[in-house]
Amino acid sequence: LNVFHLTPISWITSITYTKYFSFGDPGDWETGHFWSLSVEEHFYFIWPSVFYFFKKYRAQFALAIVIIVPFVRLLTDVSVMHFFTRADSLMWGCLFAIYYDNIYSYIKTKSKLLLLSPFIILLGCLVTKRIITLLFPDLKFLEHAAIAFAGSFGTITNVCIGLIVIISINYENNLWFKFLNTSIMNYIGILSYSIYIWQQIFFSERLGALSDFPLNILYIFIVAALSYNFIEKPFLKLKDKFEVKNREVKSKASSSISI
């Protein structure tokens, strides 16, 4: 039954959100995907501080990050997953939030046909990257640039995803909105974090037949549903209790001050 053996380093990097420091370790497949949680936690440590203490410069800071990080990807190993090659993906979301009103005001003046452009560009990025790989296998720098700027974490991809999010929440009378709001898509959204946590195990060869497609997809959903209901939900309820108590304390404090 000794299917998995997590090393001490694997445990330590998982619980301390430092996984990307050991990313690529072949013996750490089952928790290797936690590199993205590491990037997120480090980002959430830095950005709120900038957002709160440097209000006048937060937009400039965000712009600097989304400009600098793609070139870091370009000049380093693009496959390396760490804060300095992936932080722009999160920062683009912050920029879209800061300039949401401006972006939406611009988008709503355009024809509905143009609203398809982010979807088309995303597809174009996938096709272009594939064409470059097939037709110019010796031009590694060209392939490297395509990945850095139009890959799954690339600048063009990030911008298109941001636009798609704004379009998706503001245009309700279309098939895309109805599809995203179907019960199955809502349920996948609810389970998304649990799916992310557990999915890697069921793509491990060490699991044997349980990792065979498409049954592994079914197993992922079963385990994710169990994890959500018996681990995630109890913690969310505990969080809600703390938030209610915190509001009550603040309310009492403000009442005593006013008196």
With no solvent term and unit scatterers on the alpha-carbon positions of region 68-191, Debye gives log₁₀ I(q)/I(0) at q = 0.11 Å⁻¹ of -0.48
Judged on accessible area alone, 1.4 Å probe, highest first, TRP29, TRP198 line up as TRP29, TRP198
Result row for the chain, helices from DSSP H with C-alpha axial extent 24 Å or more and mean Kyte hydropathy at least 1.6, is 58-75, 117-135
Total charge of the residues flanking ILE98 in space, meaning their Cβ is under 14 Å from its Cβ, with Lys and Arg +1 and Asp and Glu -1, is +2
Taking protein heavy atoms only, a 1.4 Å probe, and rounding to whole percent, the accessible area of region 35-139 owed to carbon and sulfur comes out at 72
Rounded to the nearest 10 Å², the 1.4 Å probe accessible area of GLU172 is 110
Volume per residue (Å³) of the convex hull spanned by the alpha carbons of region 140-203 is 130
For the chain, the dipole about the Cα centre with charges only on Cβ (Lys and Arg +1, Asp and Glu -1), to the nearest 20 debye, works out at 1020
With the 1.4 Å probe rolled over protein heavy atoms, the chain has an accessible area per residue in Å² of 66
Once the in-chain neighbours fewer than 8 apart are removed, the aspartates and glutamates whose Cα is under 15 Å from LYS112 read GLU172
extent check for the chain: Cα max minus min per principal axis, descending, whole Å, gives 76, 59, 39
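For ILE201, ILE156, ILE184, give me the order by solvent-accessible area with a 1.4 Å probe, most accessible first, ignoring ligands, DNA and RNA.
Values: ILE201 35, ILE156 75, ILE184 100 Å².
My answer, sorted largest first, is ILE184, ILE156, ILE201.
The values are calculated or read from the model by the stated rules, or taken from the named source; none is laboratory data. No experiment lies behind these values; they were computed from the predicted model shown. Because the Cβ atoms are built from the backbone with ideal geometry, glycine has one as well, and the counts that use them run over all protein chains shown. Just so you know, the surface numbers come from the protein's heavy atoms only, side chains and all, with ligands and any DNA or RNA stripped out. Shrake-Rupley method; radii C 1.70, N 1.55, O 1.52, S 1.80 Å.
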